[in-house]
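First up is the structure itself, then whatever we jot down about it.
The values are calculated or read from the model by the stated rules, or taken from the named source; none is laboratory data. Quick caveat: nothing in here was measured; it's all calculated off a predicted structure. Ideal geometry is used to build each Cβ from the backbone, glycine not excepted, and the neighbour counts take in all protein chains shown. To get the accessible areas, we keep the full protein, side chains included, count just its heavy atoms, and leave off ligands, DNA and RNA. Shrake-Rupley method; radii C 1.70, N 1.55, O 1.52, S 1.80 Å.
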Amino acid sequence: MSDPKKLFIKTYGCQMNVYDSERMAEALGGQGYVETQSVEDADMILLNTCHIREKAAEKVYSELGRFKGLKAAKPDLKIGVAGCVAQAEGEEIMRRQPLVDLVVGPQSYHRLPELEAKARAGEKALDTDFPEEDKFEKLKSRPKAKRGPTAFLTVQEGCDKFCAFCVVPYTRGAEVSRPADRILREANELVERGVREITLLGQNVNAYHGAGPNGDMTLAGLIWELDKIDGLERIRFTTSHPNDMSDDLIEAHGTCAKLMPYLHLPVQAGSDKILKRMNRSHTAESYLRLIERIRAARPDILMSGDFIVGFPEETEADFQATLDLVEEVRYGYAYSFKYSTRPGTPAAERAQVDPAEADDRLQRLQAVITRHQREIQDSMVGREVSVLFEKPGRLPGQMVGKSEYLHAVHVQDPGLEAGQIARVRIVASGPNSLAGELA
Ligand code: 5AD
Ligand code: SF4
């Protein structure tokens, strides 16, 4: 028997890409590949790219350029580009970088085995279609081997919101939900393999409306079905749009014990003028009232969000409105970005904010966010939390896991094992994690 071929995957961007990379590796497992962490050993290199911010395509080309030596030394080496840059650039990638053998867009991963065979046969393989079929259903069924206690599970893809700055509706296509029975089957299989926490993924996950036994199911409906799975202890979901935060989902945050008290709910900006120009179709006020209702259902919920500063036409007063909103919400985590133009999106055509001004705003926003983040993390000291342990820490006898609020927690105790959930009293708050003792 010949040695297995080696696959090196580098994943950029969001958690959906992490999930996609896992499924692609499994699919290529069926073609005789095993994963390697060393690019030098690889028979196939796959870049799973992200197009959301900055000069994504340029970064991919420069990364590809670095594989020239490897390919010269090993002519059989196949190089592939997947993800949103593959979707956006398509054939252009092979034209600009002839060492690329394979280009596959996010909606065509189930065709990867055929594409790989084509590339192996020395042909250029390209697929950036938006086919009708459920790619995850067509992908090889998932292996049965034991795995870590947390997993991502994509339930919804694409987006119909068309925020004026965003490429997702173009690279990932229209909003599509997977049928509930397939998701539940996959969740059950994950739990059989040792998974205790599942994070449901979607670009607009709370707009989920997959086919269920009695018509379309909402995300809350799906969460309640997952709640019934013995051995699954924790459910999370990301990323949500404020306008799709339905009553049943808000209520589930108060009543479903397995649904963790953490919610990522991007607002992007605090000025109604900018929100309108972003095509967000909500206001700062409606967002704040929504958070009030969520906090009424689950008072200890930890909020997280995304922000863009320096969006075209943003004035200092608009930016102040963002700072005011942040002060009011007090996020436990928040991700802030300087606006970057994405060709083909409506905002790309507009007058841009002075980059130095945008840098300055980003720094000021991040200072406020970091202060809140710190204060909220420090306020955990003395409290008891539940921790799902994931892996050994850096010190001997130490385990690291996540609290229900997604804070990393270290505990020194030789008896702990990955996959265990324990009550922990927090004793200290460090730069990026908490330290605790078994309660
Ligand atoms: N420029 C800067 N940030 C962006 N995001 C999306 N598109 C852009 C862009 N063109 C941010 C948004 C989104 C997060 C995933 O990335 O805040 O919520
Ligand atoms: Fe992009 Fe807006 Fe859709 Fe989020 S909701 S994926 S920011 S278009």
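Using 0.36 nm per residue, how much length does the chain from Arg364 to Arg350 gain when fully extended, once their Cα-Cα distance is taken away?
2.6 nm
In region 157-269, carbon and sulfur make up what percent of the accessible area (probe 1.4 Å)?
Whole-percent figure for carbon plus sulfur exposure: 49.
Just tell me which lysines come within less than 16 Å, Cα to Cα, of Lys55; anything on the same chain fewer than 8 places away is out.
Lys338
If the cut-off is a Cα-Cα distance under 17 Å, which lysines reach Lys78, setting aside same-chain residues fewer than 8 apart in sequence?
Lys5, Lys6, Lys10, Lys68, Lys118, Lys124
Given R₀ = 60 Å, FRET efficiency for Ala297-Ala121 by Cβ-Cβ distance, to 0.05?
E between Ala297 and Ala121, to the nearest 0.05, is 0.60.
Averaging sequence separations of C-alpha pairs under 8 Å and six or more residues apart, then dividing by the length of the chain, give the relative contact order as a whole percent.
Computed value for the chain: 10 percent relative contact order.
Note down the nm distance, to one decimal, between modelled labels 7 Å out along Cα→Cβ at Val39 and at Thr283.
The two pseudo-label positions are separated by 5.0 nm.
Using only the Cα atoms of region 288-417, build the gyration tensor, take square roots of its eigenvalues as a ≥ b ≥ c, and label the shape rounded, prolate or oblate: rounded if a/c is under 1.5, else prolate if a/b is larger than b/c, else oblate.
Note, shape of region 288-417 comes out prolate.
What does the extension gain come out to for Glu92 and Ala174, with contour length at 0.36 nm per residue minus their alpha carbon separation?
Full-extension gain reported as 27.2 nm.
Could you give the distance between the Cα centres of region 317-360 and region 138-177, to the whole Å?
After rounding, the separation between the Cα centres reads 26 Å.
If I take every Cα pair under 8 Å that is 6 or more residues apart in region 115-258, average their sequence separation and divide by the length, what percent do I get for the relative contact order?
Details: 201 pairs, mean separation 31.5, N = 144.
Computed over region 115-258, the figure is 22 percent.
Please report the antiparallel percentage of the DSSP beta bridges confined to the chain, to the nearest 5.
Rounded to the nearest five, the antiparallel share is 35 percent.
Treat every Asp and Glu Cβ in region 285-408 as -1 and every Lys and Arg Cβ as +1, leave all other atoms uncharged, and give the resulting dipole magnitude about the Cα centre to the nearest 20 debye. Please list the in-between numbers first.
Values: 16 positive and 21 negative charges, 146 e Å.
Its charge dipole is roughly 700 debye.
Which residue, chosen from Ala151, Phe165, His209, occupies the Cα position most advanced towards the positive end of the dipole of region 70-219, where the dipole is computed from +1 (Lys, Arg) and -1 (Asp, Glu) charges on Cβ about the Cα centre?
Ala151
May I ask for the net charge around Tyr61, where only other residues with Cβ less than 13 Å from the Cβ of Tyr61 are counted and Lys, Arg are +1 while Asp, Glu are -1? List each step's numbers first, then the result.
On the way: positive: Lys55, Lys59, Arg66, Lys68, Arg95, Arg96; negative: Glu58, Glu63, Glu89, Glu92.
Local charge sum for Tyr61: +2.
Give the lysines reachable from Lys258 as a straight Cα distance under 28 Å; neighbours fewer than 8 places away on the same chain don't count.
Straight-distance partners of Lys258: Lys144, Lys146, Lys228, Lys391, Lys402.
Report the Stokes-Einstein translational diffusion coefficient (µm² s⁻¹, integer) for the chain, Rh taken as the Kirkwood radius over Cα pairs, at 4 °C with viscosity 1.567 mPa s.
Calculated translational D: 56 µm²/s.
What's the FRET efficiency of Ser379 with Arg53 using the Cβ-Cβ distance as r and R₀ = 30 Å, to the nearest 0.05?
For R0 = 30 Å, the calculated efficiency reads 0.45.
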